[in-house]
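Scroll down for the structure; my scribbles are underneath it.
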Amino acid sequence: MVDAEKLGKPILAFIRLIVGATPDFSKSKQNVADVCAEESDVLEWCSLAGEDDYLLKVRAANTRDLERLIERIRSKAQISNSISNIVLSSYKEFPILQTLTNSSK
């Protein structure tokens with residue numbers, strides 16, 4: 001397991017995104033995916049059914065960097081709303097391949 005603190009990225013957060021209403025909604029969603037792919041601090045992003053359109057898992061060096069990341073995402077993509085949650089404690093975080101490998105034994 002990689003120690004995020006040793007890498008200088010101790011802040012773990014989840015960001016929920018709602019894509020703004022545009023004439024070409026699928027293009028707006030693709031813009032979000034493109035922005036997420038460019039950002040190295042975005043570890044994972046998932047397209048969702050329901051109220052939110054995306055859920056992002058991100059790492060940052062500090063809250064200032066987290067705020068800048070959110071601003072970059074919001075400025076490059078058609079986002080009408082974002083909700084951020086900073087993780088205070090993480091009790092179990094494993095790479096998916098490690099988890100799948102261990103569960104199949």
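The values are calculated or read from the model by the stated rules, or taken from the named source; none is laboratory data. Note that this is a predicted model, so its numbers are computed, not measured. Every residue, glycine among them, receives a Cβ derived from its backbone with ideal geometry; neighbour counts consider all protein chains shown.
Points to keep in mind about this one:
- The stretch 14-46, residues that are of a type in the set (S, T, Y) and in contact with a helix residue (DSSP H, G or I) (Cβ under 7 Å, 6 or more places away or on another chain): T22
- Complete set of residues in the stretch 32-53 that are surrounded by fewer than 17 Cβ atoms within 10 Å (Cβ to Cβ) and either within 27 Å of D65 (Cα to Cα) or at pLDDT below 90 (or both): A33, D34, A37, E38, E39, S40, L43, E44, C46, S47, L48, E51
- Filter result (touching a strand residue (DSSP E or B) at 6+ places or on another chain (Cβ under 7 Å) and at pLDDT below 90) within the stretch 86-105: S90
- Out of I18, I83, sole residue that is assigned to a strand (DSSP E or B) and modelled with pLDDT of 95 or more: I83
- The residues in the stretch 63-80 that are surrounded by 15 or more Cβ atoms within 10 Å (Cβ to Cβ) and either in contact with a Lys or Arg (Cβ under 8 Å, 6 or more places away or on another chain) or not in a helix (DSSP H, G or I) (or both) can be counted, and the count is 3.
- Here is the figure for the stretch 35-55: residues that are without any contact (Cβ under 8 Å) to a residue 40 or more places away in the chain, out of contact with any strand residue (DSSP E or B) (no Cβ under 7 Å at 6 or more places or on another chain) and assigned to a helix (DSSP H, G or I) total 2.
- Every residue from the stretch 1-15 that is outside any strand (DSSP E or B) and of a type in the set (A, V, I, L, M, F, W, C): M1, V2, A4, L7
- Residues within the stretch 11-34 that are in contact (Cβ under 8 Å) with a residue 40 or more places away in the chain and in contact with a strand residue (DSSP E or B) (Cβ under 8 Å, 6 or more places away or on another chain), tallied: 13
- Scoring I79 on the criteria (1) more than 12 Å from the chain's Cα centre (by Cα); (2) over 18 Å from A21 (Cα atoms); (3) of a type in the set (V, I, T) leaves a single failure, condition (2).
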